Amino acid sequence: GENVEQHPSTLSVQEGDSAVIKCTYSDSASNYFPWYKQELGKGPQLIIDIRSNVGEKKDQRIAVTLNKTAKHFSLHITETQPEDSAVYFCAASSNDYKLSFGAGTTVTVRA
Amino acid sequence: ETGVTQTPRHLVMGMTNKKSLKCEQHLGHNAMYWYKQSAKKPLELMFVYSLEERVENNSVPSRFSPECPNSSHLFLHLHTLQPEDSALYLCASSQEAVGTGANVLTFGAGSRLTVL
């Protein structure tokens, strides 16, 4: 089955700096790559996703890049703000419902 | 109420108890899911229901028993659990039924289970 590895497990950044989280996947058939954000006491919430026919996608301060050849994808957060502090999960899927998640990255934005 | 609602938010039970977790979605979605979240581990898919029919049972022990009486409600019945079952149990729903395309999951806030 699919194996998704996520790095780093924790990330501390100064407010205003950028944060980058990287994930690798094992199944070359994977074609859908979402990112979820989980704030304290809440469930994960989709923040951005990308499909295998696209190399990059951007939504305001967040962007995701995908390298299918290397089987890795990354989340980029620019101009970080305190409300970006959360746990971020990457995921990959080769079918329509069975997402394989990474172990999560705890991001702390220092004021 | 909107979104996905889970009750109770916290549950403490002994190994011989029987309890249930409840999930309700107010989004008109066709698929519902149970995930287990343990610290520093990936979310583990447990069960998937599509149009009230179970389509996935991800090798989950029989001490966990799901029930989906209609497309808006999902239960997880618990009995003779082990301490290692202590975790956050997340319910999610998605718009489309399984087999119709990539699904965006809407998660509830979870039920924090502690097994003594």
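Just so you know, all these numbers are worked out from the coordinates, no wet-lab data involved. Quick caveat, the model's predicted, so the values are computed rather than measured. Glycine also receives a Cβ, built like all others from the backbone with ideal geometry; neighbour counts cover every protein chain displayed.
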Quiz prompt | Under 16 Å from the Cα of B:LYS36 - lysines, other chains or at least 8 residues apart | solution = A:LYS42, A:LYS98, B:LYS22
Practice problem: For A:LYS68, go through the aspartates and glutamates and keep the ones whose alpha-carbon is under 16 Å away, minus same-chain ones fewer than eight residues off. | Solution: A:GLU2, A:GLU5, A:ASP27, A:ASP49, A:GLU56
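Sort A:GLU2, A:GLU79 so the one with the fewest other Cβ atoms within 10 Å of its own Cβ comes first. Walk me through the numbers before you get to the answer.
Values: A:GLU2 17, A:GLU79 11.
The fewest-first ordering by Cβ neighbours comes to A:GLU79, A:GLU2.
Take the Cα radius of gyration of segment B:1-84 and divide it by 2.2 N^0.38 Å, with N its residue count; two decimals is plenty. Before the final figure, lay out the partial values.
On the way: Rg = 13.0 Å, N = 84, 2.2 N^0.38 = 11.8 Å.
Ratio of Rg to 2.2 N^0.38 Å for segment B:1-84: 1.10.
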Quiz item: Tell me which lysines have Cα within less than 17 Å of A:LYS71's Cα, excluding those fewer than 8 residues away on the same chain?
Solution: A:LYS22, A:LYS57
Practice problem: For segment B:8-62, give the magnitude of the charge dipole about the Cα centre (Cβ charges: +1 Lys/Arg, -1 Asp/Glu; no others), in debye to the nearest 20. | Solution: 380 debye
Quiz item: Can you give the extra length, in nm with one decimal, that the chain gains between B:VAL55 and B:LYS40 once fully stretched, where that is 0.36 nm per residue apart less the Cα-Cα distance?
Solution: 2.7 nm
Exercise. Evaluate the charge dipole of the protein assembly as shown about its Cα centre and quote only its size in Debye, nearest 20, assuming +1 on the Cβ of each Lys and Arg and -1 on the Cβ of each Asp and Glu.
Key: 420 debye
Quiz item: In Å and whole numbers, how far do the C-alpha atoms of chain A stretch along each principal axis, longest first?
Solution: 41, 27, 20
Quiz item: Looking only at segment A:16-41, which residues have a backbone nitrogen under 20 Å from a spot 7 Å from the Cα of A:LYS68 in the C-beta direction?
Solution: A:23-35
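How big is D for segment B:66-116, in µm² s⁻¹ as a whole number, if Stokes-Einstein is applied with the Kirkwood radius of its Cα pairs at 4 °C and 1.567 mPa s?
Numbers: Rh = 13.0 Å.
Estimated via Stokes-Einstein, D reaches 100 µm²/s.
Could you work out the relative contact order of chain A? I mean the mean sequence separation of Cα pairs under 8 Å and 6+ apart, divided by the number of residues, in percent. Display every interim value, and only then the final one.
Working: 278 pairs, mean separation 41.4, N = 111.
Averaging sequence separation for qualifying contacts and normalising by length gives 37 percent for chain A.
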